[in-house]
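Okay, structure first, notes after.
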Amino acid sequence: MNTKQKRILIFGAGIVGSIYALRFAQSGLDVTLLARGKRLEALQKNGLRYNDHGMIKQMSITTIGKLEDDDIYDFIFVPVRFDQAESALSAIKNNRSQTIVTLTNTIGYESWLDIVGDRLLPGFPGAGGDMKEDVLHAQFGSEKHQGTIFGEINGQTSERVKELAKVLETAGLHHEIQHDMYAFHVSHAAVAVGNKHFYTDEGVVDLETARSERTLSKIAADIKQNLRLVELAGIPVVPSETKAMGELSEQELTAMYRQMLSNDFIIDVMLGDHAVSQRAEIKLLDEKFHEKFSVGQ
Ligand SMILES: NC(=O)C1=CN([C@@H]2O[C@H](COP(=O)(O)OP(=O)(O)OC[C@H]3O[C@@H](n4cnc5c(N)ncnc54)[C@H](OP(=O)(O)O)[C@@H]3O)[C@@H](O)[C@H]2O)C=CC1
Ligand SMILES: CC(C)(CO)C(=O)C(=O)O
């Protein structure tokens, strides 16, 4: 079957889901977007609105609010937050599609496998951004290692892995087939949970506080400690860019984050409107990471 004839569902219309849906639709792929609540209403009323180099544009994309069991897709992408993944997968469980690609932070697959079995193909998004008043502000990573990362849990290059690579190629997207997805996810989470220091009980700290020595030195210390815990558990830190972060001094990591926080796009990703709603994900990921990898476990 031609790649453009493959049916693709994006289950979840947040930032990552919207940007993949947009790119797939722009590339002529057969994509459907599942949304809920106010986001569903907005998509049905205005289409998918997005920022393109300062101009607000709109794309019409087939949007649904409910997935029927016999509505079968070649790939269902699940770009939801870690704290939402189990309920999203449970909502897909009875659908008869065979491949469910998660684009979600995680530190393991046990509960997901319990829900959808070996239909699970874990991945990680190669895109990021923010959503402001229902307008998507996002972009894909510009390097291969920042592309869409995916792979079978057993590391094999299965037919569906090859087919997914073709879909991403058709959409002109960087991607990397990862043979140790678990190591990738755990390594990535070890770094991502450092962002907990950007949160307060009310929301997100301001830019000045985020860039302060006090905040960044806590993030740097956590990242080093977390990556050490991953290695102590006998898990390789991947990719090499993440491993290299663990080898930097705390001062170097602090300087790296300060530099990142001088880029408007990264400021939006880490401290923008969406970061506020991501608090629950980072908190849960941090808790689960430390339950699993604390010294002595
Ligand atoms: N945004 C970014 O810059 C980056 C994100 N990531 C990771 O990618 C993953 C996805 O993130 P992101 O797109 O930002 O998250 P969002 O919160 O923007 O999107 C998740 C979307 O999924 C919807 N959703 C969740 N569960 C269901 C369900 N059961 N039924 C229907 N819709 C559902 C949510 O709806 P509702 O709002 O109603 O809950 C929301 O629209 C996360 O793990 C994140 O850490 C990784 C790198 C960068
Ligand atoms: C940067 C962060 C924490 C925010 O979206 C993220 O989700 C990630 O890279 O894993």
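The values are calculated or read from the model by the stated rules, or taken from the named source; none is laboratory data. Remember, predicted model here, so these are calculated numbers, not experimental data. As a convention, Cβ positions derive from the backbone with ideal geometry for all residues, glycine included, and neighbour counts pool all protein chains shown. Note: accessible area is taken over every heavy atom of the protein model, side chains too, but ligands, DNA and RNA are not part of it. Shrake-Rupley method; radii C 1.70, N 1.55, O 1.52, S 1.80 Å.
Within the option set F82, F124, F140, being touching a Leu at 6+ places or on another chain (Cβ under 7 Å) and modelled with pLDDT under 95 holds for one residue only, F140. Evaluation of L227 against the conditions (1) within 16 Å of ligand 2 (Cβ to nearest atom); (2) surrounded by fewer than 20 Cβ atoms within 10 Å (Cβ to Cβ); (3) under 26 Å from K292 (Cα atoms) shows that the sole unmet condition is (2). The listed residues are I56, I10, and the only one of them that is away from ligand 1 (no atom under 11 Å from the Cβ) and either among the hydrophobic types (A, V, I, L, M, F, W, C) or open to solvent by 20 Å² or more (accessible area, probe 1.4 Å) (or both) turns out to be I56. One residue alone among A189, A255 is touching a Leu at 6+ places or on another chain (Cβ under 8 Å) and either at pLDDT below 95 or in a helix (DSSP H, G or I) (or both), and that residue is A189. Inspect the range 263-281 for any residue being in a helix (DSSP H, G or I), more than 13 Å from ligand 2 (Cβ to nearest atom), touching a residue at least 12 places away in the same chain (Cβ under 8 Å) and open to solvent by 50 Å² or more (accessible area, probe 1.4 Å) and give the result as yes or no. No, the range 263-281 contains no residue that is in a helix (DSSP H, G or I), more than 13 Å from ligand 2 (Cβ to nearest atom), touching a residue at least 12 places away in the same chain (Cβ under 8 Å) and open to solvent by 50 Å² or more (accessible area, probe 1.4 Å). All of S27, S90, S18 fail the test of being in contact (Cβ under 8 Å) with a residue 12 or more places away in the chain, among the small types (G, A, S) and touching a Gly at 6+ places or on another chain (Cβ under 8 Å), apart from S27.
Of the residues examined, F124 is not one that is open to solvent by less than 20 Å² (accessible area, probe 1.4 Å) and under 15 Å from the mean Cα position of the chain (by Cα). In this structure, is Y50 at pLDDT 95 or above and within 16 Å of ligand 2 (Cβ to nearest atom)? It is false that Y50 is at pLDDT 95 or above and within 16 Å of ligand 2 (Cβ to nearest atom).
Just to be sure before I move on: is K218 of a type outside the set (A, V, I, L, M, F, W, C), open to solvent by less than 40 Å² (accessible area, probe 1.4 Å) and either at positive phi or not in a loop (DSSP other than H, G, I, E, B) (or both) in the structure I sent? So K218 does not fit the description; no.
A quick yes/no check of all residues on (1) more than 24 Å from S277 (Cβ to Cβ); (2) open to solvent by less than 20 Å² (accessible area, probe 1.4 Å):
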| site | (1), (2) |
| --- | --- |
| Q139 | no, no |
| H145 | yes, no |
| F150 | yes, yes |
| N154 | yes, no |
| V167 | yes, yes |
| L173 | yes, yes |
| H179 | yes, no |
| N195 | no, no |
| Y199 | no, no |
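Restricting attention to the range 26-39 and to residues that are more than 15 Å from L136 (Cα to Cα) and aliphatic (A, V, I, L, M), the residue that is surrounded by the fewest Cβ atoms within 10 Å (Cβ to Cβ) turns out to be L29.
Restricting attention to the range 60-111, the residues that are within 8 Å of ligand 1 (Cβ to nearest atom) and charged (D, E, K, R) total 1.
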